There are 2 protein chains.
Amino acid sequence: MAADSAPSPLPEGDGTSRVTARRRKARRRAAGVKAVAAAAGVSLGTVSNVLNRPEVVSPVTRAKVEAAMASLGFVRNESARQLRAGSSRILAYLMLDAGNPFFTDVAKGVEDAAREAGLSVFLCNSNEDADREADYLDLLEQQRVQGILITPIDQNSSRLSKLPARGTPVVVVDRAIDDGEHCSVAVNDVLGGELAIAHLLELGHDRIAYVGGPNTIGQVLDRRDGARRALRKAGKPPENLIEITTGALTVAEGRGAGQRLAGLPAARRPTAAFCANDLLALGLLQQCVSLGLRVPEDLAIVGYDDIEFAAAAAVPLTSVRQPRQLLGRTAAELLLDESSNPDHEHQRVTFTPELVVRTSTRGTL
Amino acid sequence: MAADSAPSPLPEGDGTSRVTARRRKARRRAAGVKAVAAAAGVSLGTVSNVLNRPEVVSPVTRAKVEAAMASLGFVRNESARQLRAGSSRILAYLMLDAGNPFFTDVAKGVEDAAREAGLSVFLCNSNEDADREADYLDLLEQQRVQGILITPIDQNSSRLSKLPARGTPVVVVDRAIDDGEHCSVAVNDVLGGELAIAHLLELGHDRIAYVGGPNTIGQVLDRRDGARRALRKAGKPPENLIEITTGALTVAEGRGAGQRLAGLPAARRPTAAFCANDLLALGLLQQCVSLGLRVPEDLAIVGYDDIEFAAAAAVPLTSVRQPRQLLGRTAAELLLDESSNPDHEHQRVTFTPELVVRTSTRGTL
DNA sequence: TCGAGTTGCTGAAAGGTTTCAAGAAGATTG
DNA sequence: CAATCTTCTTGAAACCTTTCAGCAACTCGA
């Protein structure tokens, strides 16, 4: 297996090369509407009309202006447009972790809906880091984007609730929230956790672990609560749930959890693990398999999200499926409504998750 | 297994719910520097100084201004700032496919480098769609971002070469380009293809398939060329390579290719497949396994990128590894240099890929 | 006490676009 | 032919910030 050391960018023995070309930049000041107007022999207002209301300009004038634009390489200055017109054509989705396919699928739904409405989407990645989240929120507010979609790290952040009052609509994605300030679109995570554990209980498991963290993330807590509730319903004390808290919802953390689990003596080791998301589950699975545990015989695993890779895993993963794209699309539609409909009322939409059973719990019957 | 039908957002029998709250928005016009100046009893210039050069303002005045800002909920208008100051604090990375972990890893490198320089990154997703790519390029140019990092669909697009001349620096990521207009950061894809095929030849394979497409994507072509070159070096005619062209570099297309491959009579079926990326490889793998082919006994598979999921696959995937984060970081650094260093010279940086051998070709020896 | 240097603040101008009331030219009607 | 409509075009004002030359007040040394 290859070494993990990073290739160097310098022209070294490993074949990496760096080729330099000499060529100076010649950045001249861009031509504006004024220059276009002069070149086309019309007024500023007419150029603006060509840009914004072409139908009111006579075809011949329009052609002259368009020719002038092309020959000068005119590029509209969006800052100036936005400053004057007061409106932005941009939506932002601030993701919790761009490396998690769950969120990129949500983003796809957002983009589809935005595109249909003629808007563009900027994606931002907080990477589960509260500072970065805060920085991006400030930036987006300063940019006066049309609205912000966010899967927050901490949905109680005061920053979040201040935004709508100051004029930037915010829709919370993948979290239910009920402060009257935002719309939210979520999946019932408590129910999801319940489904997962009920399934494991039905298969006869008794020593069950819950792998997830950090506990600042709402999804992690809700899914755990669902797990506990399932135990309670089955007449078992919820304290029976063996909790393994991770530092993030990543494959690497999942591998770490696998290390810990596999290290336990077989008699105390759980016979099943429910992970707060598929990344953790995949990492856990990979580590356990490589340490010689059989899945599901020695350890059954349930993931969460049902990302595309779950089905392609070493042992196809049982997982709790969420309507990812629909989540994003619905959120974007709510945001659009909020920013265009004066009678908008905040909504809290909750979808229902669904258990997808595969080999990692059922075996290959 | 669960049905694929999308849950409905309406309050129906499936438990999905939609809760409405009545509450009207009260969007007042935001307070500007002028209002802050009036409230603090100072001039506009002083407020601006507090914002941009706090050290030149006396502590007592600064405190007054900051208090006024806080009480009025002042949010700087970035459009106006940028219009006047002429500079943006934003970098954009226009990705080929945000759903591909390879690109989100590259994005991580970009963000790290940008953050160190005090800039923010907006991610855009062309999703292998030329129209979307064009739209985003227009938008970003109009926004006057500091610079654009892009993994293009077609690196010969005239749009791409026009941007730098008009003042927006562009760095091409994951493609080598030599038109004197951009920096580029790439990995030697021809070599990568060669490594993959050389490995398969060494294992004794003779009927080898190349799975990739569409052929407008440079990476797809280079890797294929590398594959052919390896065959030539081994004294075999490059036409021996069985080409399966896909419509995109996705898991779904990989499954489609698997369907086609598995349908062939065993005597004509390739004994090994080299896929243009790991998503294709994972899809291919999943489909072949579910159709009863054994990997690597019936079909050996080599992927490309070595994304995190490759190692966790049904059969751990042999893959060609690229320095993903370093790619992004280097690109961002080149972009920063271009936009700040008047003596900048365009560079073409090429990294060297590395074969990572796992079970999907080697078996479990 | 005077002059020079420092420190802190001011106010007008500028940046590129959109908007809008109003004007010009041409077409239509009675 | 005059009056009324239409259709296009105009030019100034406004959007909010940053910049910068200049001014006022103070400090310090001789």
Convex hull volume of segment A:250-365 per residue (C-alpha atoms, cubic angstrom):
113 Å³
Quote the FRET efficiency, to the nearest 0.05, computed for A:Arg207 versus A:Ala130 with a Förster distance R0 of 51 Å and r equal to the Cβ-Cβ distance.
0.90
Under a Cβ-only charge scheme (Lys and Arg +1, Asp and Glu -1), can you give me the dipole magnitude of the protein assembly as shown about the Cα centre, in debye to the nearest 20?
1920 debye
Rounded to the nearest 0.05, FRET efficiency between B:Glu239 and A:Arg294 (Cβ-Cβ, R0 56 Å) equals 0.80
Counting only backbone N atoms under 18 Å from a point 7 Å out along Cα-to-Cβ of A:Arg232, the residues of segment A:242-277 in range are A:242-243
Once every DSSP H run of n ≥ 4 in the protein assembly as shown is given -39500 (n - 2.57) and the sum is divided by its residues, what mean residue ellipticity at 222 nm do you get, rounded to the nearest 500 deg cm²/dmol?
-13000 deg cm²/dmol
Chain B: relative contact order as a whole-number percent, Cα under 8 Å and 6+ apart
16 percent
May I ask you to compute the full-extension gain from B:Leu264 to B:Leu72, defined as 0.36 nm times their residue separation minus their alpha-carbon distance, rounded to one decimal in nm?
62.0 nm
Using only Cα atoms, figure out Rg for segment A:125-245 and give it as a multiple of 2.2 N^0.38 Å.
1.29
Whole-percent carbon and sulfur contribution to the accessible surface of segment B:207-347 (1.4 Å, no ligands, DNA or RNA) stands at 49 percent
So for each of B:194-204, B:154-164, B:260-270 I average, over its residues, the number of other beta carbons within 10 Å; can you give me the resulting order with the highest mean first?
B:194-204, B:154-164, B:260-270
Sort all Cα-Cα distances of segment B:44-124 into consecutive 5 angstrom bins from zero, then give the percent of pairs in each bin up to the one containing the longest distance.
3, 12, 16, 15, 14, 13, 10, 8, 6, 3, 0
Projected area averaged over orientations for segment B:205-267, convex hull of C-alpha atoms, nm²:
4.6 nm²
Using a 7 Å offset from the Cα along the Cα-to-Cβ direction at both A:Asn52 and B:Thr61, what is the distance between the two label points in nm, to one decimal?
3.7 nm
At 7 Å out from Cα toward Cβ: A:Asp206 inter-copy label distances (nm, ascending):
5.9
What average count of beta carbons from other chains do you get within 10 Å of the Cβ of residues in B:137-147?
4
Please work out the C-alpha center-to-center distance from segment A:139-180 to segment B:155-185 and express it in whole Å.
36 Å
Of the residues B:Thr104, B:Leu140, B:Gly180, the Cα lying farthest along the dipole of segment B:74-209 towards its positive end, which is defined by charges on the beta carbon of Lys, Arg, Asp and Glu, belongs to B:Leu140
In segment A:202-259, if the dipole is taken from +1 on Lys/Arg beta carbons and -1 on Asp/Glu beta carbons about the Cα centre, which of A:Ala230, A:Gly247, A:Ala209 is farthest to the positive end?
A:Ala230
How much length is gained on full extension from A:Asn156 to A:Asp179, taking 0.36 nm per residue of separation minus their Cα-Cα distance?
7.3 nm
May I ask for the angle, rounded to the nearest 10°, between helix A:324-340 and the longest principal axis of chain A, with both axes built from Cα atoms and the value confined to 0 to 90°?
40 degrees
Segment B:33-76 - percent relative contact order, Cα under 8 Å, separation 6 or more
45 percent
Grab the beta carbon distance between B:Arg84 and A:Thr20, set R0 = 35 Å, and tell me the FRET efficiency rounded to 0.05.
0.50
What whole-number volume per residue, in cubic angstrom, does the convex hull of the C-alpha atoms of segment B:207-318 give?
92 Å³
Taking only the alpha carbons of segment A:33-76, what extent do you get along each of the three principal axes, in Å, biggest first?
23, 18, 15
What does DSSP give for chain B in terms of the percent of beta bridges that are antiparallel, rounded to the nearest 5?
10 percent
Given A:Lys162/B:Lys64; A:Lys34/B:Lys34; B:Lys108/B:Lys162, which pairs have Cα atoms separated by over 30 Å?
none
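Can you list the equivalent-ellipsoid semi-axes of chain A, largest first and in whole Å, using the square root of 5 times each Cα gyration tensor eigenvalue?
Ellipsoid semi-axes (Å, largest first): 50, 27, 17.
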How much accessible area per residue does the protein assembly as shown have, in Å², with a 1.4 Å probe?
40 Å²
How high is the relative contact order of segment A:252-326? Use alpha-carbon pairs under 8 Å, at least six apart in sequence, and give a whole percent.
30 percent
Fraction of alpha-carbon pairs over 16 Å apart in segment A:54-98 - percent
64 percent
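Suppose every Lys and Arg Cβ carries +1 and every Asp and Glu Cβ carries -1, with no other charges. What dipole size does chain B come out with about its Cα centre, to the nearest 20 debye? Could the numbers behind the result be given before it?
On the way: 43 positive and 44 negative charges, 335 e Å.
Its charge dipole is roughly 1620 debye.
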Would you kindly give the portion of the calculated P(r) for the protein assembly as shown that falls above 49 Å, as a percent of all Cα pairs?
20 percent
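The values are calculated or read from the model by the stated rules, or taken from the named source; none is laboratory data. None of the values given here were measured: they were computed from a predicted structure. Virtual Cβ from ideal backbone geometry, glycine too; neighbours counted across all protein chains shown. With ligands, DNA and RNA removed, areas are computed over all heavy atoms of the protein, side chains included. Shrake-Rupley method; radii C 1.70, N 1.55, O 1.52, S 1.80 Å.
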